[in-house]
1. Suppose we filter R609, R550 for residues that are surrounded by fewer than 23 Cβ atoms within 10 Å (Cβ to Cβ) and farther than 19 Å from A687 by Cα; which single one remains?
2. Of the conditions (1) surrounded by fewer than 23 Cβ atoms within 10 Å (Cβ to Cβ); (2) among the small types (G, A, S); (3) in contact with a helix residue (DSSP H, G or I) (Cβ under 6 Å, 6 or more places away or on another chain), A696 satisfies every one except a single condition; which number is it?
3. Within segment 77-91, track down each residue that is buried (at least 19 other Cβ atoms within 10 Å of the Cβ) and over 17 Å from H168 (Cα atoms).
4. Can you report the number of residues in segment 544-603 which are more than 19 Å from the chain's Cα centre (by Cα), more than 16 Å from ligand 2 (Cβ to nearest atom) and basic (K, R)?
5. Among the candidates F710, F688, which residue alone is at negative phi, of a type in the set (A, V, I, L, M, F, W, C) and at pLDDT below 95?
6. Can you name the number of the only condition in (1) away from ligand 1 (no atom under 16 Å from the Cβ); (2) crowded, with 24+ Cβ neighbours inside 10 Å; (3) more than 21 Å from V404 (Cβ to Cβ) that T620 fails?
7. Condition (residue is crowded, with 20+ Cβ neighbours inside 10 Å and in contact (Cβ under 8 Å) with a residue 12 or more places away in the chain) applied to segment 24-34: is it met by at least one residue?
8. Looking at segment 623-669 only, could you name the residues that are within 16 Å of ligand 1 (Cβ to nearest atom) and more than 20 Å from the chain's Cα centre (by Cα)?
Amino acid sequence: MTKNIQIHIPGFPRIGAKRELKQALESHWRGDTPAEALEQTGRELRARHWALQRDAGLDFVTVGDFAFYDQVANHIQLFGCEPARFAFDPATPPLQRYFAMARGVGKNIDGNGDAPAACGNPACAGHAAEAGANANANADAAADASAGHAEHSAHAGQSEQSGHEGHHGAALEMTKWFDTNYHYLVPEFSPLTRFELAGERLLAEVAEAQALGHAVKAVLLGPLTFLWLGKSKRAGFDRLSLLQQLLPVYGALLDRLKTLGVSWVQIDEPILGLDLPGDWRNAFDPTYWQLNQVGVPLLLATYFSPLEENLSLACRLPVAGLHVDGVRAAHELTSIADWLPHHKVLSVGIVDGRNIWRTDLDAALAALAPLLAKRGGKLWLSTSCSLLHVPFSLAEEDQLDAEVRGWLACATEKLAELALLQHTLAGADTAAALQQSRLAIAGRRASARVHNGAVAARLAALPADADRRQAPFAARQTAQRERLRLPLFPTTTIGSFPQTAAIRAARAGFKRGELDAGQYRSAMRAEIADAVRRQEALGLDVLVHGEAERNDMVEYFGEQLDGFAFTRYGWVQSYGSRCVKPPLIFGDVARPRAMTVDWTVHAQSLTARPMKGMLTGPITILQWSFVRDDQPRAQTALQLALAIRDEVADLERAGIAIIQIDEPAVREGLPLRRGRWDDYLGWATRAFRVAAGAAADTTQIHTHMCYAEFNDILPQIAAMDADVITIETSRSDMELLNGFGQFRYPNEIGPGVYDIHSPRVPDAAEMVRLLRKASAVIPAGNLWVNPDCGLKTRGWAETEAALRHMVAAARRLRAEQ
Ligand code: GLN
Ligand code: ZN
C-alpha cells in the first residue's frame, strides 16, 4: 500500500459547463449587469469547480487558474504593471481597468462590443464557432463567430503596425499561448516598468477556497515565464533586466500565500520547454534560490514540451517539487526520475490535458510503475497541463455517438481518471473500473469506425510523386495565362462574403429542421446568385461563390467527411469570452462524396468570369480539430490531404479553372522547439502538395494564409508551390512582403490591400500606394489584388465600397504599366 501518491491538476477550465462566464461577461460588457453580478458568477463558478475537484478525490484544489479574461492579464494587475499608456485614473476600479486593458478603450472599440477585431478576434473570417447541431445550445452563436486562431495580434495591428503607437487606449496585444489555440494578453515592459504587489484577487480567492474548507494549492506564473511572455516596448530593451525588480514582489506574494496557509504554490515555468537563450536559462538558478527562501513549498510546473537540455536544470532547481508533462515528455520520465533529488516531489502529468481521449490506464500504470519504485512512492499524479484546453465534460453529450463517446474524456472525466490511477496504485480494488476502461480502449483500437481499409490501401499505394504537379511553376504559369486571360493585377477576394442575418437564420432553420433540404438549397443558391451579381457589378476578375453555406471553414468539411464527430457543448476558451468547439477526428478520414462541387458549379453557371473553388487545407483542418492520438499527426494530415485532393479533382472535372486551398493555420502548427520544425514543415507542406497535386497544369491553385510572421518559413511556403498565395499584409503596411521579395518568392502573390478587421473603408489612393509598394518588391506580373482575408464578418455596404475602391486601384495600376 503506497500512501504518498497525491493527485492534483495544473488548472481547470473557467468558462463553465454551460459557458456561464461567457454569458456573464457579455452581459456585463453590454452594460446589462453590474460588476457585482459578474463577481458573483465568478465566485459560483470557482466554488463549483473546486467542489468537483474535491469530490473527485483530488488532494488539493487549484486556486489562481480563474480569470475574467486571461490568466496573464491577471498577473499584470497582480504585479502592478498596467502599462502607463492607459493613464488610468487611480479611482478607476481594478476590474474596469482590467477590461480596459483587455478590450481597449475609446476609439479602437469596433462597435461590436468586444475588442477590436483581430484575426482570432471577431473577424478572422474562417473559423467560426457558430451553432453546431443544436441551436439552443448556441444561442449566442454569432458572438462566437470566428474566434479561434490568431497568431497575429489584432490589437497590435491597430496600434503599432498602422502607426498609432502610443494610442493610449488600444487594447493589449493578444497572442497564442505556446502552441495552443488559447490567446493571452501580452504584458508590456519598458525601462519605466515598476512592479508592486498590487492585486488582492489571488489572495482573496485563496481565502475563498479555504473558507469553503478546501486544501489549497495556489498557482502562479513563474517570473521568468511572465517576463518572457511580455514584450519590450523600447527597441533594444531587455525585459530580463526587470527580473531583479520583480523578484522581491514575488517574494512578498509568496510570503502572503504562506501566511494564508496554502499547502503548495505551483509556479508555472513552461518556457523550460523552449529553446531558451543562455541568459534566460542562467537566470533560473538564482531566481529559484531566492524564491525558495520564503519557505512555502514550490511545485515548479513545466508542460507542453520536453525539457531536453533544460532537464538537469529543472531537476536541480531549489524547489520542493517538479511537475512535468508526462504525455509530451513521456520519453524523459525515466531520466527525470533519476535526476530529481529524492526529497523532491515528482508530479507526473500522465493524463493528457491537450486532447480528449480516454487515458489508456494500463499503459499509464505500466509507465508509472518504475517511477514509483524509483521515487519511493513520492509521486504525484496530474494532467499534463491545465485542463483549460479541453471541454468541460461529456455529461451532456447525449447526441454524440455512444461508441465514440465511450472513447473520450473531457476535464471532469479526467479528474476521475486521476482518482482511479491513485486508488489503483494505493492498492485499492479497482478491477471493475479498470476493466471498463480497458474495454473502451480495446474497443477503440479495434473499431471498424476507426479503421478504413480502403484509406490504408490508398495511402500505401500513394506514388512518391503524388505531391508534384506535372510541370514546374513557370510552365504552369504560361498555361494558366493562356487559359484564364486575366488582366495584369487581377482582382479577387479571399472567399467569404458577409454572413447576413438571413443566411444565419436559414442555416439555423435548416439545422433545426424548419427548412427542408430543398428549401435550404434554394435559399443558399439565391445567396450565391446575389454574391455573383454583386461581384460582376464591381468588376472583379476572379469571383467566389461567397461561402454562404459554411458556418465554419473546418466544420463544413468535417461534417461531410468520414472519421469526424462533433460535440454539442465541447467549448474551449479561445480568449476572453470567446470559445471554439473543435471537431473531433477519431478515425480514418475519407470523403464519401463531393463536398463543394454543387455550389461551385452553380456559381460558375451564373457568370462568364472564372469562379474560384474554395477548400480548406489539410493542415488547417488538423490544427483546428482534436486529433486522434493513435497515429502520427502526419498520417492524419495525409488522409485529409487525399480527401481534399479528390475534391480538387472533382472541381476540375466540373470545369472549375481556379481552386483555392486555404491554409491559414500552417504557421501555428510549428512545434515549440526549433529542432522539430523541419520534420513538421516537411510533412505539412507535403500534405498541401498532395491535396493540390492532382490538378492539371492549366488549373490554377491558390492558397491563403492570414497574418503571420512568414519570414522564417519562406522556403517551406515556397515549397508548397501554390500558383498563387494570398496573404494578409495591409496592417503591416506591406512590410511583410519584403521577405517574399528578398527571398525572390517565385510564384504569384496577392498581398492584402485592405484590412478586413475594421469597418473602415480605405480609399483607392491608399490601396494604390500599397500596391506601388508591393510592385517595388514583387514583379508586377506576379501580383494579385485582394483584401487581407475573407469578408464574412463585414456588412455588404462597407464590403462593396471597399471592393469598388480596390478595383479602381487595380485599374489605375494597370494604366501605369
Ligand atoms: N476562405 C476563407 C474565408 O474567406 C478564408 C478564411 C481564413 O483565412 N481564415 O472566409
Ligand atoms: Zn485569412
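1. Details: R550 fails: surrounded by fewer than 23 Cβ atoms within 10 Å (Cβ to Cβ).
Of R609, R550, the one residue that is surrounded by fewer than 23 Cβ atoms within 10 Å (Cβ to Cβ) and farther than 19 Å from A687 by Cα is R609.
2. (3)
3. Listed by number, the residues that qualify are Q77, L78, F79.
4. Residues in segment 544-603 being more than 19 Å from the chain's Cα centre (by Cα), more than 16 Å from ligand 2 (Cβ to nearest atom) and basic (K, R): 3 in total.
5. Numbers: F688 fails: at pLDDT below 95.
None of the other options fit; the residue is F710.
6. It is condition (1) that T620 fails.
7. Pass one, segment 24-34, residues crowded, with 20+ Cβ neighbours inside 10 Å: 24-25, 28.
Filter again for in contact (Cβ under 8 Å) with a residue 12 or more places away in the chain, leaving 24-25.
Yes: one or more hits.
8. Residues of segment 623-669 within 16 Å of ligand 1 (Cβ to nearest atom): 623-625, 644, 647-648, 651, 656, 658-669.
Selection gives I644, E647, V648, L651, I656, I658, I659, Q660.
The values are calculated or read from the model by the stated rules, or taken from the named source; none is laboratory data. Since this is a predicted model, take the numbers as computed values, not measurements. Because the Cβ atoms are built from the backbone with ideal geometry, glycine has one as well, and the counts that use them run over all protein chains shown.
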